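K.L.:
Submitted below is the structure of interest, expressed as structure tokens.
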Amino acid sequence: MLRYLLLTILLLLVARAFWRLMDGVIEAAGGTSRSRGRAPAVKLVRDPVCGTYVTPRSALSLTAGGGTHYFCSEECRRKFAGRR
């Protein structure tokens, strides 16, 4: 009886490891993952002056030349506006 119980536990652990491996392969291939609890990816934009990556939500912005540019600081925004 103990042998069957241990074999069942071993099979469950192997199955779980296999599905975690498959989730990683699918996610790496660009598909969706079944994993839960992870925060969604946040798109970053590059500051055109210093090259720092910032989130659009927390960045300073300036609309110029038909597009919106995002900056990490007021200093970078002023430098960019001074170029124009």
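Here, each number is a calculation from the coordinates, and none is a lab measurement. Remember, it's a predicted structure, so these values are computed and weren't measured experimentally. Glycine also receives a Cβ, built like all others from the backbone with ideal geometry; neighbour counts cover every protein chain displayed.
K.L.:
If you rank T68, T52 by fewest surrounding Cβ atoms within 10 Å, what's the result?
P.N.:
Taking fewest neighbouring Cβ atoms as first place, the list is T68, T52.
K.L.:
Further question: Order these by the 10 Å Cβ neighbour count, fewest first: D47, D23.
P.N.:
Ordered from fewest to most neighbouring Cβ atoms within 10 Å, D47, D23 come out as D23, D47.
K.L.:
Roughly what angle does helix 2-28 make with the longest principal axis of the chain, taking Cα atoms, 0 to 90 degrees, to the nearest 10?
P.N.:
Orientation of helix 2-28: about 20 degrees from the principal axis.
K.L.:
Provide Rg over Rh for the chain; use the alpha carbon set for both Rg and the Kirkwood Rh (inverse mean inverse pair distance).
P.N.:
That ratio is 1.41, to two decimals.
K.L.:
Using the alpha-carbon atoms, what tilt in degrees (0 to 90, nearest 10) does helix 74-83 show relative to the longest principal axis of the chain?
P.N.:
The angle comes out near 50 degrees.
K.L.:
Using 0.36 nm per residue of separation minus the Cα-Cα distance, give me the extension gain between L12 and C50 in nm, one decimal.
P.N.:
Once the chain is fully extended between L12 and C50, it gains 8.5 nm.
K.L.:
Under the rule of -39500 (n - 2.57) per DSSP H run of 4 or more residues, summed and divided by the residues of the chain, what mean residue ellipticity at 222 nm is obtained, to the nearest 500 deg cm²/dmol?
P.N.:
Taking each H run of at least 4 residues, the total per residue is -15000 deg cm²/dmol.
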